[in-house]
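Okay, so here's the structure we're looking at.
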Amino acid sequence: MIKCFQLNIVTAEKNIFSGLAQKLFVPGHLGELEILFNHAPLLTSLLPGPVLFINDFGVKDGIVIYGGMLEVQPKITTILANSALRSIHLDEEAALEAKKNCEADIIKSINKIDYNKARMELEIAIAQLRLIRQLRQK
């Protein structure tokens, strides 16, 4: 039997996911982290990007986070996300359009504030597309 850990994904406003997971993949500052049952304790910040997990039934699911914190304890892992979007709410066509618009905004940005805003929105659109594609893979 595959061992699972409790996974909680929350924002300041609501509980996004709470359940058992076999594996968790999150976007860390130094690259993607893989969390398994009985992982060493860890506290780290997370980048905006896709969070992919495999639930206790072996089914892939995912969430796009807009940055946040990850706390890993031996039997429970918690993600406190700045904001999050469940995979069921993702729309590939809308994400592709947002990516295209953000790339255009970056090219025509006048100041650093406009550039940084467009850059963040581009990262989120790319994260949405990555998660959609990861969930399609077997």
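The values are calculated or read from the model by the stated rules, or taken from the named source; none is laboratory data. Just so you know, these numbers come straight off a predicted model, no measurement behind them. Cβ sites come from the backbone with ideal geometry, for glycine too, and all protein chains shown count toward neighbours.
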Query raised in the report: Of the conditions (1) free of Cβ contacts under 8 Å to residues at least 40 places away in the same chain; (2) not in a helix (DSSP H, G or I), residue 94 fails just one. Which one is it?
Result: (2)
Query raised in the report: Can you name the residue in the range 27-67 that is assigned to a strand (DSSP E or B) and charged (D, E, K, R) and is also farthest from residue 132 (Cα to Cα) among such residues?
Result: 34
Query raised in the report: Can you name every residue in the range 41-67 that is modelled with pLDDT of 95 or more and among the small types (Gly, Ala, Ser)?
Result: 45
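Please find, among 115, 66, the residue that is of a type in the set (Phe, Trp, Tyr) and either farther than 27 Å from residue 41 by Cβ or without any contact (Cβ under 8 Å) to a residue 24 or more places away in the chain (or both).
115
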Query raised in the report: Which residue, of 79, 110, 106, is hydrophobic (A, V, I, L, M, F, W, C) and assigned to a strand (DSSP E or B)?
Result: 79
